[in-house]
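Notes follow once the structure below has been shown.
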Amino acid sequence: MSEKIFSRASGKEVKANDFVIADVDFAMAHDGTSVLAVKAFKEMEEEKVWNPERIVIPFDHLTPANTDTTAGLQSEIREWIRDQGIKNFYDVGEGICHQLLPENGFALPGKLIVGADSHSCTYGAFGAFGTGVGATDMAEIFSSGKLWFKVPESIKITAEGKLNDGVYAKDLILKMIGTLGIAGATYKAAEFYGSTIESLSMSGRMTLSNMAIEMGGKAGIVPPDKTTFDFLEGRAAQEYEPVYADEDAIYSKEYDFDATELEPQISIPHQVDNVKDISDVKPTKLDQSFIGTCTNGRLEDLEVAASILKGEKVAIRTIVVPASRGVLVEAVRKGIIETLLDAGVVVGPPGCGPCLGGHMGVIGKGESCISTANRNFKGRMGTGGSIYLASPATAAASALTGEITDPREI
């Protein structure tokens, strides 16, 4: 699929390991990376971006602004956005970049979508080639709409069978990362196949593609199908043409997973691939539970958490941050937010929240947090703390008991 997408984007037939100059369909930089990208753009003595309609800038990482320095930088970017005529700007409270691009129809099958953020691989859930680059690379895209790429080799990951109760897409991708390792897919495009993948909602597929980078992947792609097209109905920002791998496509490696045997998974500090079955994890005291992020802050994630917390009270600090304003509005309409608040949960404004360790909800030295985020590196979400990665169900169940808990027991 990657070879076909890059062939279209570069205007010639290409194969894995070829170097190409490719036309980017949509480019994204958030409040954290746009500052550096715009600085580099100005240093290149460029005056106008190549196409203001193809650039998307959400403010999500440090929102609402946490210091006067942050506020000043965000103000400067707003001014630049106005000067450039960029209409696809999502200000404070609209949500996380990787949620907003799909919600607003920018993540489309067959497209090359590049973001100045490593989890831009999320867009692969829609059959796109989504990938992250540095801020100076983004400045080049802002300028010309093009960037050089090495076309990645592809690996095929197949999952068959029905997920058991209490087991979700997050558990599936954690199992894959634990099996392949943090470098198992380095600079490869992972393609996801099988009945398990086909049964996932778009939210579940986004969780899967989002964490492809955590095993080194350049992209994580799900072939588009009716689920994809139904989601895009009435929201696609432009016309698109899906691509699919040939039946005789050659993959550098292939992996097979049996979803019927999967149980909830826990990623143990301080490395994402340090993954264990929850039955092999000793009861571990927690100080905080965090449900949100571009991995698991969508409506169905909040719905799962609310179903576990309904009528109960959390035993530890529990923070829920919806992935977007749209998610928040729908969660309010369905009574999910009221259920969470009644359970003692703190609900934050749509955005990244404490995920990156820069804003509201970071943990202190010696504290432990169970999180639905995608990274548990040392120093992430606050210096000196420990992060356990899990599904929203596991995070909610653990919030009730104050220790790592199997959601199937609640």
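The values are calculated or read from the model by the stated rules, or taken from the named source; none is laboratory data. Quantities reported herein were computed from a predicted structural model and do not represent experimental measurements. Because the Cβ atoms are built from the backbone with ideal geometry, glycine has one as well, and the counts that use them run over all protein chains shown. SASA here: full protein model, heavy atoms, side chains in, ligands and nucleic acids out. Shrake-Rupley method; radii C 1.70, N 1.55, O 1.52, S 1.80 Å.
Things worth noting here:
- Diffusion constant of the chain at 25 °C, which comes from Stokes-Einstein with the Kirkwood Cα-pair radius and 0.890 mPa s, µm²/s: 116
- Near-label residues of the stretch 122-164 by backbone N, under 14 Å of a point 7 Å along Cα→Cβ of residue 279: 164
- A simple spin-label model places pseudo-atoms 7 Å from Cα toward Cβ; at residue 226 and residue 51 they are separated by 3.3 nm.
- A crude spin-label estimate for the pair residue 39 and residue 263, with each label 7 Å from Cα along the Cβ direction, gives 4.9 nm.
- DSSP-defined beta bridges in the stretch 110-194 - what % are antiparallel, rounded to 5: 0
- Charged-residue dipole, Cβ positions (Lys, Arg, Asp, Glu), the chain about Cα centre, Debye nearest 20: 680
- Carbon plus sulfur fraction of accessible area for the stretch 230-283, probe 1.4 Å, in percent: 41
- Cα-derived Rg over Rh, computed across the stretch 319-410 with Rh taken as Kirkwood radius: 0.97
- Potential extension, residue 409-residue 312 segment - 0.36 nm per residue separation minus Cα distance: 33.5 nm
- Anchor residue 15: aspartates and glutamates whose Cα lies under 18 Å away (excluding residues fewer than 8 positions away in-chain): 3, 23, 153, 191, 246, 247, 248
- Per residue, the convex hull around the alpha carbon atoms of the stretch 240-293 comes to 207 Å³.
- When peptides 245-258, 396-409, 177-190, 63-76 are sorted by average Cβ neighbour count within 10 Å, with the highest value leading, the order is 396-409, 177-190, 63-76, 245-258.
- Using a Förster distance of 25 Å, the FRET efficiency for residue 253-residue 150 (Cβ separation, nearest 0.05): 0.90
- Normalised contact order of the chain, rounded percent, pairs of Cα under 8 Å and 6 or more residues apart: 17
- With protein chains left intact and a 1.4 Å probe, residues in the chain average 39 Å² of accessible area per residue.
- Exceedance of the 26 Å cut-off in Cα-Cα distance is limited, within the set 12/87; 175/378; 285/313; 111/150, to 12/87.
- Set of lysines near residue 170 by C-alpha distance (under 18 Å), chain-local residues within fewer than 8 positions excluded: 162, 276
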